[in-house]
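All of the numbers you see were taken from the coordinates with simple rules; none came from a lab. In this text, all values refer to a predicted model and were calculated from it rather than measured experimentally. Here Cβ is always computed from backbone atoms with ideal geometry, including for glycine, and neighbour counts include all displayed protein chains.
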Amino acid sequence: MDSETKAKVSKEFYELCYRQYEFEIKETNQMYQKASFVLAFLSILGTLVYNLVKVDILNLIFKIDIFLYYLYYLSILIAFLFLGISVAFGILFLMPRKKQYKTIASMKLWQKWYNEYAEYLKNSGSKSEKLDDALFQEITEKLAEAQANNAPINEKRRQYFHLCALMAAVTIIPIGTPAMLYLYLLFKLQGV
């Protein structure tokens, strides 16, 4: 393989690593935007459940069917359970990971590396290695390392986000049940 083909392959590998690294960083930023949607949704669901619990039904216990009364509060307990699970997954989604995201370093550090490596090549008398090629290879390796580190972290966070959203969506079912029962009880007590 000639040196031009090697340079082309390494440039293609660099571009692949950079695109993947850039994708993971963008994905990380987009996750925080998704989090605001889920937090708003969870707060709305929590408010609904809280307002349904505040309904003063206890004084009506002898006027309504006891089965409906228990079904009402069982549905609210189930809603709290799903809401709690959703919040737990939301916390896991937003929590910083033990294994932190890797970046490729600042331009100041790369400039320092470049100068130190130039000094090393000058002192060692090595004329076969080009400084720009060494820098290119070093950056490519760092990009590949960072992407390999960041991808699993983002995948795990995506899973937590999906579970959080799923549990929040499932919470709608047990919230709807007491809401419908409350309306039924209101109509029944009013003689409608």
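Details
- Sorted fewest first by neighbouring Cβ atoms within 10 angstrom, Val170, Val38, Val49 come out as Val170, Val38, Val49.
- Using R0 = 41 Å, the C-beta based FRET efficiency linking Ser106 and Leu166 works out to 0.55.
- Pairs beyond 27 Å (Cα-Cα), from Lys11/Lys112; Lys11/Lys102; Lys11/Lys108; Lys112/Lys156: Lys112/Lys156
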